[in-house]
């Protein structure tokens with residue numbers, strides 16, 4: 001039987017979104033300066049998002065990096081705590097954007113939805129971006145943020161014994177790195193929530209070849225992002241850039257991976273899931289069919305985005321031992 005053309009794999013809704021983006025004719029990120037790319041991404045970040053959900057508390061504060069830099073951080077608390085309730089279980093979240101674009105603002109809606117649906121606190125971190133801050137600054141900032149959050153958790157009403165890390169795309173890479181570093185430091189995490197994470201040193205998998213053009217995230221943009229971030233080609237082989245290169249992942253936190261079928265990063269996500277499983281790590285893997293990279297932030301248009309948010313929230317609830325009942329707005333589709 002003849003294999004379908006890659007474009008035929010897209011759901012009707014995803015195909016419609018991709019067509020609309022193409023018709024808009026916005027310049028690709030790789031044709032812009034980093035500042036222009038950040039502004040362009042921020043301008044479009046909320047177009048397909050759900051309406052902004054009101055939560056009990058949304059509060060900005062800072063964490064401190066090892067060189068003294070202040071990392072802008074945002075805390076989300078879903079509701080008022082009831083008398084006698086334990087401090088909030090917490091997801092430390094790292095936004096996507098190829099280490100070059102994105103911010104706590106571009107991922108505000110997603111963090112609100114995860115906080116609400118998982119009934120947990122979410123702390124979103126503005127790690128420093130390339131090219132102003134080259135590799136391994138983002139990885140260092142992520143790890144510094146995790147350690148700093150543990151130290152002040154009590155003062156924020158957060159439960160450092162029920163702590164997860166998560167992120168999408170480059171943020172998923174950072175979460176995976178933090179999970180390995182936490183293992184090495186004896187810092188227990190209950191979950192690593194990895195949404196289409198970057199895991200490989202090079203873009204040489206079949207999914208990169210199949211979905212590298214015309215599927216939201218394209219190969220020229222990936223190359224541009226990484227060239228902003230790395231200092232030399234050797235950085236690509238460092239496990240903090242490519243978690244698949246980690247010497248071992250034995251004993252890291254259990255993982256939930258949410259991957260998009262029509263995504264250049266699909267295969268490396270699958271390979272990382274295999275690496276974790278081979279090390280005896282519990283892995284919950286979901287592949288969302290017919291959708292592309294970035295889909296989880298398209299809840300207004302893509303039903304699979306709502307499904308993925310519900311699945312991620314369920315994984316968090318189970319890891320945190322929170323009552324497993326999801327708001328009807330996020331029920332299984």
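What follows draws every value from the coordinates through simple rules; no lab data is involved. On a predicted model such as this, the values are computed, not experimentally measured, just so you know. So basically every Cβ, Gly included, is an ideal-geometry build from the backbone, and we count neighbours across all protein chains shown.
Maximal additional length on extending the residue 321-residue 185 stretch stands at 46.6 nm, based on 0.36 nm per residue less the C-alpha distance. Spin-label model, residue 70/residue 231: points 7 Å from Cα along the beta carbon direction are separated by 2.7 nm. Pairwise Cα distances in segment 32-90 exceed 17 Å for 67 percent of all pairs.
Counting every other Cβ atom within 10 Å of each residue's Cβ, 206, 162 order from fewest to most as 206, 162. Ranked by the mean number of other Cβ atoms within 10 Å of their residues, highest first, the peptides 137-145, 194-202 fall in the order 194-202, 137-145. With viscosity 1.306 mPa s and temperature 10 °C, the Kirkwood radius over alpha carbon pairs of segment 172-325 converts through Stokes-Einstein to a diffusion coefficient of 99 µm²/s. Here the calculated FRET efficiency for residue 22 and residue 152, from their Cβ-Cβ distance with R0 = 35 Å, stands at 0.20, rounded to the nearest 0.05.
If the Kirkwood radius is taken over C-alpha pairs of the chain, then at 20 °C and 1.002 mPa s the Stokes-Einstein diffusion coefficient equals 109 µm²/s. Modelled label positions at residue 52 and residue 132, each set 7 Å beyond Cα in the direction of Cβ, lie 2.3 nm from each other. Build a GNM of the chain with springs between Cα atoms under 10 Å apart, and of 181, 270, 158 the one that fluctuates most is 181.
Projected over every direction and averaged, the convex hull enclosing the alpha-carbon atoms of segment 1-154 yields 12.9 nm². For the chain, a Gaussian network of Cα nodes joined below 10 Å ranks 102, 44, 172 by mean-square fluctuation, and the top entry is 44. Given the convex hull of the Cα atoms of segment 101-219, what is a quarter of its surface area in nm²? Over every viewing direction, the Cα hull of segment 101-219 projects on average to 8.7 nm². Residue exposure proxy: 92, 50, ordered by other Cβ atoms within 10 angstrom of their Cβ from fewest to most, comes out as 50, 92. Per-residue ellipticity at 222 nm from helix content only, as computed over the chain with -39500 (n - 2.57) for each DSSP H run of at least four residues, stands at -11000 deg cm²/dmol. Please find, in a Gaussian network model of the chain (springs between Cα atoms separated by less than 10 Å), the residue of 96, 280, 171 whose mean-square fluctuation is greatest. Fluctuation is largest for 280.
When Rg and the Kirkwood Rh are both derived from Cα coordinates, the Rg/Rh ratio for segment 236-311 amounts to 1.02.
The gain in end-to-end length when the residue 277 to residue 213 segment is fully stretched comes to 20.0 nm, 0.36 nm per residue minus the alpha carbon separation. Residue ranges 291-304, 18-31 sort as 291-304, 18-31 when ordered by packing (mean number of other C-beta atoms within 10 Å per residue, highest first). Relative protection proxy for 111-117, 148-154, from highest mean packing down: 111-117, 148-154 (other beta-carbon atoms within 10 angstrom). Note on segment 151-236: semi-axes of the ellipsoid equivalent to its C-alpha gyration tensor, largest first and rounded to whole Å, are 32, 14, 12.
The separation of segment 50-85 from segment 95-169, counted between C-alpha centres, amounts to 10 Å.
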